[in-house]
Amino acid sequence: MGKVIIVEGKTDREQLLKILDEPVEILCSNGTLSQEKLEEWAEWLESSEIYIFVDADDPGNKLRKRIKQELPDVRHLYTHRTYREIATTPLDVLAEILGHAHFEVKEPELN
């Protein structure tokens, strides 16, 4: 069983890939979650630990609510409201969030 993180967009995915230190499938919803997209993802979602990690804004909250309806066992990850978006959350903060969720993370590079 692998881990899957559902994010909103490509920049969120890229930010997480900078910090993850284990194989994780990162699926981009592009802000929506249609039945077609769920069917497309079915292979990954069927036997995986599923996480949702979306921005702390209205579109992110709507997507989180929709995913919770379709995938009630999904685990929720939250960025700090200060940063609002995953793409703008500092890597050390992402490492802390993911580490608390038992992901293996790299030591973030300080800029």
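The values are calculated or read from the model by the stated rules, or taken from the named source; none is laboratory data. None of the values given here were measured: they were computed from a predicted structure. Please note: Cβ atoms are built from the backbone with ideal geometry, for glycine as well, and neighbour counts cover all protein chains shown.
Please list, ordered by first then second residue, the pairs with beta carbon atoms under 9 Å, 6 or more apart or interchain, first in the stretch 56-75 and closer than 14 Å to Ile86 by Cα and of a type in the set (A, V, I, L, M, F, W, C), second at pLDDT 85 or above and not in a loop (DSSP other than H, G, I, E, B).
From the stretch 56-75, the pairs are Ala56/Tyr78.
Restricting attention to the stretch 2-26, which residues are touching a Phe, Trp or Tyr at 6+ places or on another chain (Cβ under 9 Å), more than 19 Å from Glu96 (Cβ to Cβ) and of a type outside the set (D, E, K, R)?
If the condition is that a residue be touching a Phe, Trp or Tyr at 6+ places or on another chain (Cβ under 9 Å), more than 19 Å from Glu96 (Cβ to Cβ) and of a type outside the set (D, E, K, R), then Gly2, Val4, Ile6 are the ones that fit.
Within the stretch 80-111, track down each residue that is free of Cβ contacts under 8 Å to residues at least 60 places away in the same chain and in contact with an Asp or Glu (Cβ under 7 Å, 6 or more places away or on another chain).
Arg84
Residue by residue through the stretch 50-81, note down the ones that are of a type outside the set (D, E, K, R) and in a helix (DSSP H, G or I). Spell out how you get there, then give the answer.
Within the stretch 50-81, the first condition is being of a type outside the set (D, E, K, R), and the residues that meet it are 50-54, 56, 59-61, 63, 67, 69, 71-72, 74, 76-80.
Within the stretch 50-81, Pro59, Gly60, Asn61, Leu63, Ile67, Gln69 qualify.
So, in the stretch 88-109, exactly how many residues are surrounded by fewer than 19 Cβ atoms within 10 Å (Cβ to Cβ) and either in contact with a Lys or Arg (Cβ under 8 Å, 6 or more places away or on another chain) or part of a loop (DSSP other than H, G, I, E, B) (or both)?
10
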